[in-house]
1. Within the range 141-210, which chymotrypsin sites (Phe, Trp or Tyr not before Pro) sit in a loop by DSSP and count at most 15 neighbouring Cβ atoms inside 10 Å?
2. Within 11 Å, Cβ to Cβ, of R109, how many net charges do the neighbouring residues add up to if Lys/Arg are +1 and Asp/Glu are -1?
3. Can you tell me how the chain classifies by the Cα gyration tensor, rounded, prolate or oblate, using a/c under 1.5 as the rounded cut?
4. With loop defined by DSSP as not H, G, I, E or B, and exposure as at most 16 other Cβ atoms within 10 Å, which is the longest segment of the chain clear of exposed GluC sites (Glu not before Pro)?
5. Using alpha-carbon positions, what is the distance between the centroids of the range 164-202 and the range 60-90, in Å?
6. Apply the a/c threshold of 1.5 to the C-alpha gyration tensor of the range 88-160 and tell me whether it is rounded, prolate or oblate.
7. Would you mind estimating how fast the range 110-214 diffuses translationally, via Stokes-Einstein at 10 °C and 1.306 mPa s with the Kirkwood radius over Cα pairs, in µm²/s?
8. I want to check the label-to-label distance for Q80 and T257. Put each point 7 Å from Cα in the C-beta direction and report it in nm to one decimal.
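The values are calculated or read from the model by the stated rules, or taken from the named source; none is laboratory data. These figures come from a predicted structure and were not determined experimentally. All Cβ positions, even for glycine, are placed from backbone atoms using ideal geometry, and neighbour counts span all protein chains on display. Please note that ligands, DNA and RNA were not included when accessible areas were found on the heavy atoms of the full protein model with its side chains. Shrake-Rupley method; radii C 1.70, N 1.55, O 1.52, S 1.80 Å.
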Amino acid sequence: MTMQTDPYYSRAERKPRIIDRQDPVIYSELGHRGYGPLSVAQLASYETQGFLFCEQVFAQEEVHYFREELTRLRTAATVQRCPEVVLEPAGNEIRSVFAVHQTNPVFRRLSRDKRLVTIASQLLGSPVYIHQSRINYKPGFSGKEFYWHSDFETWHMEDGMPRMRAVSCSIALSENNEFNGPLLLIPGSHKSYVLCVGKTPDNHYLSSLRKQEYGVPDSQSLTYLVERGGIAAPKGAAGSVVFFECNMMHGSNSNITPWPRHNVFIVYNSVANALVEPFCGLTPRPEFIAGRNFTPIEPES
Ligand code: 6CS
Ligand code: FE
């Protein structure tokens, strides 16, 4: 595929541009709710909005169990630095721990839970594998923002994800309220694709996971998308889940409250959309960011 034939070739033009999405949003027949747990109304809402907010997916006992592990991981990560541990842009606070579905038995089990996997398969119309997982700690007082971006723009250009056929699950392990930096989404933005400017630097992930500088949409495009769709900030107790489409424009503000915003993100990709060579032409990012084991996940009860 060349720059001319790749419909999603970003970071190549001198000026930003918005194009229409060239892929379906939902890959199974909208009316066939038999493919999974979502209702026809939920499927229709996801198709239009680009996200679905589900309250109380996980019980408080489960959340408590996940929280204990999250805290233990954070302590271990503070002591033992490794590539999967990403620090906040300023200082030594832990921002994210990647690949928890590979390195941690508790989060590996969570990543295979049927309450997540069956919904991902229903939306993507196929078996799925895990493209990426991470805990974003966003601690009180020091958790910094994630500026607006489309995950797919990065995953296409830097990981070689061919088409828009992936879904992220953000599982709240602490309350997400209007004050502590909840996920901000632009409803409907998944149906447009912002071609960003700026050539991808080598090893971009070493800085982008702390503060993204390339693949960042311009203010004019963001203004257009927000004026068209507004901004949504799903809020809910720990145990709620936001499913959002891979091309959804999203971000989150810094957390200056005493309340942490601990979320686990698990990204499911269709096995029919397995990664190829990165479209930016650089070396593929490490497997802890972009998994290349395309074996379908069996949902676990
Ligand atoms: O580059 C990535 O894959 C990561 N960066 C952001 C800002 N969101 C998705 C993912 O965690
Ligand atoms: Fe993101």
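1. Details: sites: F141, F146, Y147, W148, F152, W155, F179, Y193, Y205; in loops: F141, F179.
For chymotrypsin sites (Phe, Trp or Tyr not before Pro) across the range 141-210 that sit outside H, G, I, E and B with at most 15 neighbouring Cβ atoms in 10 Å, the list reads F141, F179.
2. Numbers: positive: R108, R112; negative: E62, E69, D113, E300.
Value of the local net charge: -2.
3. Numbers: a/c = 1.32, a/b = 1.11, b/c = 1.18.
Note, shape of the chain comes out rounded.
4. Numbers: sites that count: E13, E29, E55, E145, E178, E213, E287.
After excluding every exposed loop site, the longest remaining stretch is 56-144.
5. Comparing the Cα centres of the range 164-202 and the range 60-90, I get a distance of 22 Å.
6. Details: a/c = 2.30, a/b = 1.47, b/c = 1.57.
It comes out oblate by the Cα gyration axes.
7. On the way: Rh = 16.1 Å.
Using the Kirkwood radius from Cα pairs, D works out to 99 µm²/s.
8. In this crude spin-label approximation the distance works out to 3.4 nm.
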